Every structure is written in C-alpha cells, then in structure tokens.
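Reading through the structure tokens given below for one structure.
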Amino acid sequence: MVVFLTIGTGLGGGVFIDGKLVNGTLWEAGEIGHTILYPNGRKCNCGKRGCAEQYISMKVLHRYAKIPLAERNQLLAGFINNEEKVLAAVEKLCGNLAMLIDKIFLIIDPEIVVVGGGFSELGEMALHILRNKLIEYSSKSLYHPTQVELSIFQNDAGLIGASLFAATQYEEVVYHG
C-alpha cells in the first residue's frame with residue numbers, strides 16, 4: 001500500500017493498493033486535506049474547521065514565510081539560501097505534515113508515503129526536516145521516517161496521476177461498456 005500526498009495550492013492525496021487507486025464507497029478515499037488536524041481550527045473552504053489543508057499547503061508555506069504566492073522562485077531561493085524566515089516556515093509546515101503522516105501510518109499502515117506537488121521542489125533538505133519531525137512520532141511506533149519519500153516527478157506528479165486515472169477510466173468505458 002502506498003499513500004501519495006500532493007502539497008500544492010491545497011493538500012490532496014491518494015491511496016494505492018496493488019498499484020490501483022482506492023476510490024472508496026463514496027469516492028472520498030484520499031481526501032486527506034480535509035481530515036481534521038486541529039479541532040475547531042482555521043475555517044476551511046469545505047465548511048469544516050481545522051482541516052489539514054489549512055496548515056499544510058504551498059499557499060500556507062508562502063503565508064508563513066511572508067512571501068507572495070506568485071513568488072515561487074523567491075521561496076525556493078530563500079530556502080536554498082537558508083533564509084531564516086523561509087526555514088522557519090518550512091519547519092512549521094513540516095511539523096504539521098509529520099503529525100498528519102503519523103496519523104496515516106497509524107490508521108492504514110502503508111509501506112510508504114510519497115510527497116509530491118510544489119513541496120517536493122524544495123528537495124532533499126526539506127525531506128530531511130520532515131523526517132526529523134517524524135522521529136518524535138515514529139520512535140513510539142513501528143514505522144520509520146525513511147518510509148517517507150519525495151516524488152521523483154515533483155510538481156508534475158499530480159498531473160501525471162490525473163492523466164493515468166483518466167486513461168484507465170476511458171479504457172474501462174471503451175472496453176467494458
């Protein structure tokens with residue numbers, strides 16, 4: 001079992017068993033961004049309060065770093081150059097992401113959690129921060145922080161996944177009527 005998290009404008013996810021996307025009974029499997037991370041927390045567009053997406057997204061990271069969302073390259077450069085405000089923002093986001101990933105491991109026990117989207121463009125240094133945040137949780141559990149990886153497709157992972165999903169749906173309609 002693999003869980004994929006895409007951290008971009010929002011927070012999306014997918015659960016894969018034997019290479020197949022799990023849709024769920026009502027097609028809500030993988031709606032990880034709308035799981036509650038902080039009860040009675042920030043109001044979400046979905047109408048709930050405290051959704052993970054309100055604490056884990058590139059939009060949130062830009063807000064924490066006080067860099068406009070349109071200035072993606074400025075954020076990336078600030079991170080590479082170890083700018084204090086950007087590092088602090090990544091640390092804060094990774095703290096929340098680690099809490100969410102711990103819940104994922106404890107609820108469904110995947111083999112690996114892959115993180116893609118804009119967050120993955122931050123690279124190995126961000127993964128190192130995330131894995132360090134996971135140590136606190138994983139030390140009291142059976143999973144290991146090395147079971148979290150960045151997507152090799154980085155910010156294109158969601159687009160590739162959506163294309164593959166659409167292709168499989170088309171194939172089912174054409175070949176299975």
### Query
Kyte-Doolittle mean at least 0.5 and Cα extent at least 30 Å along the axis: which DSSP H helices of the chain qualify?
84-108
### Query
Taking only DSSP H segments of four or more residues, each worth -39500 (n - 2.57), what value at 222 nm results for the chain once the sum is divided by all its residues, to the nearest 500 deg cm²/dmol?
-14500 deg cm²/dmol
### Query
How much length, in nm to one decimal, is gained on full extension between Lys43 and Lys20, taken as 0.36 nm per residue of separation minus their Cα-Cα distance?
5.0 nm
### Query
In the Gaussian network model of the chain, springs joining C-alpha atoms below 10 Å, which of Gly41, Gly116, Gly33 carries the largest mean-square fluctuation?
Gly41
#### Entry: With all protein chains modelled, accessible area of Ser138 [1.4 Å, Å²]
10 Å²
### Query
In percent, how large is the relative contact order of the chain, given Cα pairs closer than 8 Å and 6 or more residues apart?
21 percent
### Answer label for mean projected area of the Cα convex hull in nm² (calculated), chosen among [x] 9.9; [y] 12.3; [z] 11.2
[z]
### Task
Leaving out ligands and nucleic acids, note down the accessible area per residue over the chain with a 1.4 angstrom probe, in whole Å².
57 Å²
### Query
Most mobile of Glu149, Glu31, Glu124 per a Gaussian network model of the chain (Cα springs, under 10 Å)?
Glu124
### Query
Computed FRET efficiency, Cβ-Cβ of Trp27 and Gln147, R0 30 Å: what is it to the nearest 0.05?
0.65
## Note on the structure
Check: in the chain the Lys pairs 8 or more apart or on separate chains whose Cα atoms fall under 28 Å apart number 26
#### Entry: Heavy-atom accessible surface of the chain: percent carbon and sulfur, 1.4 Å
56 percent
### Task
Please give the length that would be gained between Glu91 and Met1 if that part of the chain were fully extended, namely 0.36 nm times their separation in residues minus their C-alpha to C-alpha distance (nm, one decimal).
29.6 nm
### Message
Pick from Ala52, Ala89, Ala70 the residue whose mean-square fluctuation is largest in a GNM of the chain, springs joining Cα atoms under 10 Å.
### Response
Ala70
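The values are calculated or read from the model by the stated rules, or taken from the named source; none is laboratory data. What you see is a predicted model; the values in this text were computed from it and never measured. Methodologically, a virtual Cβ is constructed for each residue, glycine included, from the backbone with ideal geometry; neighbour enumeration extends over all protein chains shown. Ligands, DNA and RNA are stripped out before the accessible areas are found, and what is left, the full protein with its side chains, is counted by its heavy atoms. Shrake-Rupley method; radii C 1.70, N 1.55, O 1.52, S 1.80 Å.
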